[in-house]
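Please treat every number below as a calculation from the coordinates, not as lab data. Since this is a predicted model, take the numbers as computed values, not measurements. Here the Cβ is made from the backbone with ideal geometry for all residues, glycine too, and neighbour counts use every protein chain on show.
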Amino acid sequence: MACTLATAYDGTTACPPPSPGIDEAQVWFGNRADLTFTGPTANVYSDLTGDLYRWKVHNKGVNYTDTFSENETSGAGSWAPSFNFRLLGFDGATSNAVEKLRGVDIVVIFKAKNGKYIVAGSQGGLRLKTNETGSEADTLGETVSVGGDEEPGKHRQLLDTDAATTLALLVSLEA
């Protein structure tokens with residue numbers, strides 16, 4: 001049976017499970033104040049302008065979560081996205097790069113291994129939450145977490161026609 005996805009979600013599909021993980025070579029950060037998105041339509045942005053900075057993160061420890069919490073009193077709720085990664089550099093340049101994340105609302109765009117480009121922080125911004133520097137083999141470099149507590153909606157996807165055009169767009173915005 002061919003793999004097709006319906007607009008409604010009934011919990012069944014002929015598609016194989018998506019590949020888990022993040023493509024560690026395709027991660028971009030941008031200052032939320034400097035980025036402009038077109039859309040979204042059905043939670044998908046179709047275009048983007050502004051400056052992006054590609055970060056090459058280590059393939060171990062890179063992950064993304066997006067957790068919803070409801071306010072019991074008001075019934076309102078918000079999302080708390082978190083992007084966690086590791087930089088293998090153990091030097092001043094690596095420390096300086098992480099230090100520049102402090103106090104800035106950022107957006108993270110990454111390619112999931114299922115081929116989708118995910119946008120996190122476009123609505124409320126992500127901030128540096130934790131940073132730990134380690135010298136042991138399992139912790140060498142900088143372990144970093146950026147996240148948000150009050151994102152009003154779930155993460156979005158970026159798709160400019162197709163995956164190749166979306167990648168070309170992201171590369172063209174690299175500062």
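Listed values, structure above:
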{"quantity": "The range 120-175 shape via C-alpha gyration tensor axes, a/c threshold 1.5", "calculated": "oblate"}
{"quantity": "Loop sites in the range 38-128: trypsin sites (Lys or Arg not before Pro), DSSP, at most 14 other Cβ within 10 Å", "calculated": "56, 60, 100, 102, 113"}
{"quantity": "0 to 90° range, to nearest 10: angle between helix 163-172 axis and the chain longest Cα axis", "calculated": "40 degrees"}
{"quantity": "Gaussian network model of the chain, springs between alpha carbon atoms under 10 Å - residue of 107, 146, 44 with greatest fluctuation", "calculated": "44"}
{"quantity": "Residue among 74, 82, 46 with the largest mean-square fluctuation in a Gaussian network model of the chain, springs linking Cα atoms under 10 Å", "calculated": "74"}
{"quantity": "Loop-resident sites, the range 86-175, for GluC sites (Glu not before Pro), counting at most 12 other Cβ within 10 Å (DSSP)", "calculated": "136, 150"}
{"quantity": "Cα-based reach from residue 56 at 24 Å (exclusive), listing lysines while leaving out same-chain residues under 8 positions away", "calculated": "100, 111, 113, 116, 129"}
{"quantity": "Within-14-Å neighbourhood charge of residue 172 [Cβ basis; K, R +1; D, E -1]", "calculated": "-3"}
{"quantity": "Most fluctuating residue given options 97, 137, 164, as computed from a GNM of the chain linking Cα atoms under 10 Å", "calculated": "137"}
{"quantity": "Longest to shortest principal axis, alpha-carbon extents of the chain, angstrom", "calculated": "51, 44, 33"}
